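Worksheet: the structure to be examined is printed underneath.
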Amino acid sequence: MSAIIDHLWLDVCALEDIPLRGARRIGPASRPVSIFRTGDDAVYALVDRCTHKKGPLSMGIVHGSSVTCPLHGMRIDLATGEPIGADTGKGCAPRVEIRLERGRVLIDAGALGV
Ligand code: FES
């Protein structure tokens with residue numbers, strides 16, 4: 001019998017470690033990942049680089065299921081990493097696989113190069 005492992009999940013923090021309607025940045029500078037927590041406790045993870053000029057999305061303002069980049073105000077959909085509104089079609093912040101399990105936040109270890 002053989003098994004295929006498609007994800008190695010890494011426990012990175014508790015949900016409560018991420019501010020409500022905020023974010024937490026993890027990973028090395030070469031592979032920063034931002035984990036976002038919405039007002040209704042949904043979690044999303046994106047590579048922490050805006051599609052415009054690589055602004056730190058983890059420093060942005062979370063509203064609903066989107067984040068506004070702190071540098072020039074582009075709005076990014078947290079579920080897809082795609083810009084919203086007038087900026088639609090201007091690239092994508094790569095999504096990172098994430099899941100919530102018993103109050104712990106787990107991400108795909110591959111996103112951090114593990
Ligand atoms: S770097 Fe994000 S909007 Fe310009």
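Observations, loosely collected:
- Candidate set: the stretch 31-42, residues that are in a strand (DSSP E or B) and closer than 21 Å to residue 85 by Cβ; chosen: the one nearest to the ligand (Cβ to nearest atom): 34
- The C-beta contact set for the stretch 43-67 (first residue more than 19 Å from residue 15 (Cβ to Cβ) and assigned to a loop (DSSP other than H, G, I, E, B), second residue more than 12 Å from the ligand (Cβ to nearest atom) and open to solvent by 30 Å² or more (accessible area, probe 1.4 Å), distance under 7 angstrom, 6+ apart or interchain) comprises 51/92.
- Residue within the stretch 97-107 that is in contact with a Ser or Thr (Cβ under 8 Å, 6 or more places away or on another chain) and touching a residue at least 40 places away in the same chain (Cβ under 8 Å) present: no
- First in the stretch 79-92 and on the phi > 0 side of the Ramachandran plot, second anywhere and among the β-branched types (Val, Ile, Thr) and within 12 Å of the ligand (Cβ to nearest atom), Cβ under 9 Å, 6 or more apart: 81/51; 91/51
- Residue 20 satisfies every condition listed in (1) open to solvent by 70 Å² or more (accessible area, probe 1.4 Å); (2) closer than 27 Å to residue 6 by Cα; (3) modelled with pLDDT of 95 or more except (2).
- Given (1) closer than 24 Å to residue 52 by Cβ; (2) at pLDDT 95 or above, index of the condition residue 89 fails: (2)
- Restricting the stretch 56-95 to residues that are among the aliphatic types (A, V, I, L, M) and open to solvent by 70 Å² or more (accessible area, probe 1.4 Å), the residue that is nearest to residue 38 (Cα to Cα) is 61.
- The numbered conditions (1) modelled with pLDDT under 95; (2) hydroxyl-bearing (Ser, Thr, Tyr); (3) surrounded by 14 or more Cβ atoms within 10 Å (Cβ to Cβ) are all true for residue 30 except (3).
The values are calculated or read from the model by the stated rules, or taken from the named source; none is laboratory data. Since this is a predicted model, take the numbers as computed values, not measurements. A quick note on method: Cβ atoms are made from the backbone with ideal geometry, for glycine too, and the neighbour counts reach across all protein chains shown. To get the accessible areas, we keep the full protein, side chains included, count just its heavy atoms, and leave off ligands, DNA and RNA. Shrake-Rupley method; radii C 1.70, N 1.55, O 1.52, S 1.80 Å.
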